[in-house]
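Engineer: Got a structure for you, written out below as structure tokens; questions coming shortly.
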Amino acid sequence: MYNISSIYSSLYAEAKKLDSYKRIVSYFFLACTILSTLTNNYLSYIFFTFSIISQIFIYYQKFQIKNKLDDAHYAQKISMLYNAFDSRNFKFEMSHIEGSINSWVERWLHQNESISSSEYCYSSSDNSEKMLILMIQENSFFNSHLYFSAYKKSIFNVFLFSIPILIFFFVLIPSFLSLQYDLLLIFKLLLAGLSAIQLWDEIEKAFIWKISATKMLEIDNQINALDEISPDSLLFVFAKYNMIKISTPPIPQKIYTKMKDRLNEGWSTRQNLTSSNED
């Protein structure tokens, strides 16, 4: 039996891997679109073809990433419940999660963690609700910072993908005004339209990351202000957390790698302060 938390990590790692491929191809699309707009004759057609092929790949990857993220978020939700409450209640869900993993996920699990059947064991203590709320708060603390950092980084991509639109207005608009239409100009107009869609995708991701960062901070503060954990407040916070996670695109791995040590230190500091106050 695999560690359910590691299954979530592996599924999310696969989604981020696919997202990194999509991002690389997006930059390739950007380069080909700019070159197709600035060149003429057969070179422009070649770059146009590469742009169209890369755009098809980008849209295919978007659906693949969405499916992987859905699986990862479901696994994380079960993982949090599994670790906080009696694990025997989630054997059915666990069996389906384990049965759906693919060969890439299984290789990741073998490389990053040994197979374990007893790492997470249910405790008969009455702190299950407290354990779950603490997991939600810790994840919200991390996500609020990671999402906001991803938002700031995404502004650069918004600028990049606005370049073909600017080139279109400054280079191609004079041809339209002079009524000098040809097939190549129509192709370039199509690429400008695809670039506008790509630009909107980047703007949308930027806004989602910013909104999600704010909402994760709200959850962190809301939990911090709770005097006691009632079933109603626990269900509300857990549902809100999962809705935010489902609607938020994955952050680039390099952002997490860069920030994880600092965030771990920040969370440890908070835990130490909490322990000191309780003593």
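Engineer: Of everything in the range 203-237, what is assigned to a helix (DSSP H, G or I), open to solvent by less than 90 Å² (accessible area, probe 1.4 Å) and at pLDDT below 85? Give them in sequence order.
Structural biologist: Of everything in the range 203-237, just one residue is assigned to a helix (DSSP H, G or I), open to solvent by less than 90 Å² (accessible area, probe 1.4 Å) and at pLDDT below 85, namely S233.
Engineer: If you don't mind, another one. Every residue in the range 31-51 that is touching a residue at least 12 places away in the same chain (Cβ under 8 Å), part of a helix (DSSP H, G or I) and either closer than 15 Å to L189 by Cα or open to solvent by less than 10 Å² (accessible area, probe 1.4 Å) (or both), please.
Structural biologist: Correct list: C32, T33, I34, L35, S36, T37, L38, S44, Y45, F47, F48, S51.
Engineer: Limited to the range 244-260, what total is found for residues that are exposed (fewer than 12 other Cβ atoms within 10 Å of the Cβ) and under 14 Å from S140 (Cα atoms)?
Structural biologist: 0
Engineer: Under 9 Å by Cβ, and 6 or more places apart or on different chains, what pairs join a residue from the range 184-204 that is closer than 14 Å to L38 by Cα with one that is part of a helix (DSSP H, G or I) and open to solvent by 70 Å² or more (accessible area, probe 1.4 Å)?
Structural biologist: Partner pairs satisfying both residue conditions: L184/N41; L184/Y45; F187/Y45; A192/F169.
The values are calculated or read from the model by the stated rules, or taken from the named source; none is laboratory data. Keep in mind that this is a model prediction, so the values were computed, not measured. Note that each Cβ is placed from the backbone with ideal geometry, even for glycine, and that neighbours are counted across all protein chains shown. Heavy atoms of the whole protein, side chains included, go into the accessibility calculation; ligands, DNA and RNA do not. Shrake-Rupley method; radii C 1.70, N 1.55, O 1.52, S 1.80 Å.
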